[in-house]
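A short write-up of the structure that comes next.
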Amino acid sequence: MLNNLNTHRNYLHTIPEIALSEFKTAEYIREVLDKENVEYHCIGTSTVAFIPGESDKCIAFRADIDALPLAEESNNPFKSKTLGMMHACGHDGHTAMLLTFIQEIKLLISEGTKLKKSLVFIFQAGEEGAGGARFIVADEYYKSKNIEAIYALHVYPEIKVGEFAVKSGFVSLQNINLDIVLTGKGCHGAQPHKGIDSILIGAKLVEAYQSIKSRNIPSYEHFLLTIGAFHAGTVRNIIPGTVNMLGTIRLENISLIPFIQERMEHINKGFELAFDVKIDMKFQPFYPPVINDSNLFEKALKALKDKKVFTDVSLSGSEDFSFYSQNGTPGLLTLVGIRDEEKGHVCALHNNRFDFENEALIHGVEFFKNLLQENNAI
């Protein structure tokens, strides 16, 4: 098993590709599937593989395949060969686990094991901000499969190698994308009275948005509002006429969405009246929250057997695994530990020094294999 994990993860780590542009990654995945004589269907750079069983009822497993636009600074000997890109969220590990899992199943079948249910394997493009899962759930090939449960693993650097985190209910938060353009009036930096300072007003606007959390949302609610990009001007002595901002909101209670949108629009209107600016905002709910199915949660606990399991861990980020459950398919997202302080693998997800040992992935593959039994698939 480890040899296969090493082969897959080491190569994939060298060829990181950003969302919906994972051409080399998709080619590699399909080459492995061809060698294993596994049927598959292509949806852009996503690949949906299928191994038939005695029943048309299917158990599905998903791995995301895309990387991030970060310059890698890890000590991995199989470092990224793509300038300015790296697998900083562990999707190379997810893909390596799923490919190895397929190879383990093929080995079991060759040794005489019968599949009672059919199996679907999803190598999904574009998890990082592109919502690639949307295109898979809308595809006729995927919809033709009688999927009764879908599972996914995500590497997690907050817990140690060999440990897992899984819970019933909310696992990750609703994502809302914010695109904001504030238009004032440009002028010479030495004559600010002749313009409307978009930078000064924009900074105050960011501060005002933060009052939503501190003054309008109950403290017990999971709610975050972050402005992650603030772009204005090109030279030191000109006050620019426009500020462009990009932001994100994360929350668990989706019933708050209309109120939050209304509150932001009221703040914008107030600033327009007070400062004589114009504010255009796109408020775009995107990834729904991931809600783990309670029955699949119980099966996961049985599959994890003697492993140390945390049942109170949630992700503050968002995950498009949520789209697979929107049509009523029960889903379960589980976190597999990769933290190894002795080897220095302690960096958070989306950090340019993020890394882990391939051996940590063995526990994920074994978990998937145990789920076959708990779902009466073998």
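The values are calculated or read from the model by the stated rules, or taken from the named source; none is laboratory data. Everything numeric here is computed off the predicted structure, so don't read it as measured data. So basically every Cβ, Gly included, is an ideal-geometry build from the backbone, and we count neighbours across all protein chains shown. Quick note on the areas: whole protein, heavy atoms, side chains included, nothing else; ligands and nucleic acids left out. Shrake-Rupley method; radii C 1.70, N 1.55, O 1.52, S 1.80 Å.
Once amide H atoms are placed 1.01 Å from N in the peptide plane, what residues at a sequence separation of 5 or more from Leu20, or on another chain, have their amide H within under 5 Å of its amide H?
The list, which skips near neighbours in sequence, is Gly126.
Remind me, relative contact order of the chain in percent, using alpha carbon pairs under 8 angstrom and six or more residues apart? Don't skip to the answer; put the middle values down first.
Working: 836 pairs, mean separation 90.3, N = 378.
Over the chain, the number comes to 24 percent.
Quick check on packing: order 217-226, 199-208, 356-365 by the mean number of other C-beta atoms within 10 Å, highest mean leading.
Ranked by mean Cβ neighbours within 10 Å, highest first: 356-365, 199-208, 217-226.
Classify the chain: rounded, prolate or oblate, from the alpha-carbon gyration tensor (a ≥ b ≥ c, eigenvalue square roots; a/c under 1.5 rounded; otherwise prolate if a/b is larger than b/c)?
Here the chain falls in the prolate category.
If the elastic network links every pair of Cα atoms under 10 Å, which of Arg215, Arg263, Arg353 fluctuates the most in the Gaussian network model of the chain?
In the Gaussian network model the winner is Arg215.
If you count the DSSP beta bridges with both ends in the stretch 28-158, what percent of them are antiparallel, to the nearest 5?
About 45 percent, rounded to the nearest 5.
Of the options Gly112, Ala274, Gly93, report the single residue whose Cα projects farthest towards the positive end of the charge dipole of the chain (beta-carbon charges: Lys, Arg +1; Asp, Glu -1).
The one lying farthest along the dipole's positive direction is Ala274.
Give me the mean projected area, in nm² to one decimal, of the convex hull enclosing the Cα positions of the stretch 246-291. Don't skip to the answer; put the middle values down first.
On the way: hull surface 14.6 nm².
One quarter of the hull surface, i.e. the mean projection, equals 3.6 nm².
So which of Lys79/Lys369; Lys117/Lys167; Lys213/Lys299 end up more than 28 Å apart, counting from Cα to Cα?
Values: Lys79/Lys369 30 Å; Lys117/Lys167 25 Å; Lys213/Lys299 37 Å.
Going by Cα-Cα distance, Lys79/Lys369; Lys213/Lys299 fall outside the 28 Å limit.
At a 10 angstrom cut-off on C-beta neighbours, averaged per residue, how do the peptides 48-57, 20-29, 267-276 rank from highest to lowest?
The peptides rank, most packed first, as 20-29, 48-57, 267-276.
For the chain, what is the charge dipole size about the Cα centre, in debye to the nearest 20, if Lys and Arg each add +1 at the Cβ and Asp and Glu each add -1 at the Cβ? Write out the running numbers ahead of the final one.
Working: 37 positive and 47 negative charges, 111 e Å.
For this selection, approximately 540 debye.
Beyond a 29 Å Cα-Cα separation, which of these cross-linked pairs lie in this structure: Lys24/Lys145; Lys24/Lys57; Lys308/Lys343?
Long pairs (Cα-Cα over 29 Å): Lys24/Lys57.
For the stretch 50-133, what does the alpha-carbon gyration tensor say about shape, rounded, prolate or oblate, given a ≥ b ≥ c as the root eigenvalues, a/c under 1.5 as rounded, and a/b over b/c as prolate?
oblate
Roughly speaking, to the nearest percent, how much of the stretch 107-215's 1.4 Å accessible area is carbon and sulfur?
53 percent
Please list, or write none, the aspartates and glutamates whose alpha carbon is within less than 16 Å of the alpha carbon of Lys278, excluding same-chain residues fewer than 8 places away.
Asp179, Asp197, Glu265
Could you list which residues have their amide H under 5 Å from that of Val155, counting only those 5 or more apart in sequence or on another chain, with H placed in the peptide plane?
Result for Val155 returns Val336.
Would you mind checking which residues have amide H under 5 Å from Asn375's amide H? H placed 1.01 Å from N; only 5 or more apart, or other chain.
Here the answer is none, since no amide H 5 or more places off falls under 5 Å of that of Asn375.
Distance between Cα centroids, the stretch 300-378 to the stretch 1-55: provide it in whole Å.
Measuring centre to centre over Cα atoms gives 19 Å.
With a 1.4 Å probe and every protein chain left in place, work out the accessible area per residue of the stretch 293-378 in Å², rounded to a whole number.
45 Å²
With a cut-off of 8 Å between alpha carbons and a minimum separation of six or more residues, what is the relative contact order of the stretch 302-378 in percent? Could you put the intermediate results ahead of the total?
On the way: 33 pairs, mean separation 24.2, N = 77.
Relative contact order here is 31 percent.
So what J values fall out for the stretch 280-293 if you push phi through Karplus, 6.51 cos²θ - 1.76 cosθ + 1.60 with θ = phi - 60°, rounded to Hz, Gly and Pro as x?
10, 10, 9, 10, 10, x, 10, 6, x, x, 7, 10, 6, 6
Which of rounded, prolate or oblate describes the stretch 2-41 when judged by the alpha-carbon gyration tensor and an a/c cut-off of 1.5?
Judged from the Cα gyration tensor, the stretch 2-41 comes out oblate (a/c at least 1.5, b/c at or above a/b).
Which residue, Thr183, Thr45, Thr95, has the most motion in a Gaussian network model of the chain that connects Cα atoms within less than 10 Å?
So, out of Thr183, Thr45, Thr95, the one fluctuating most is Thr183.
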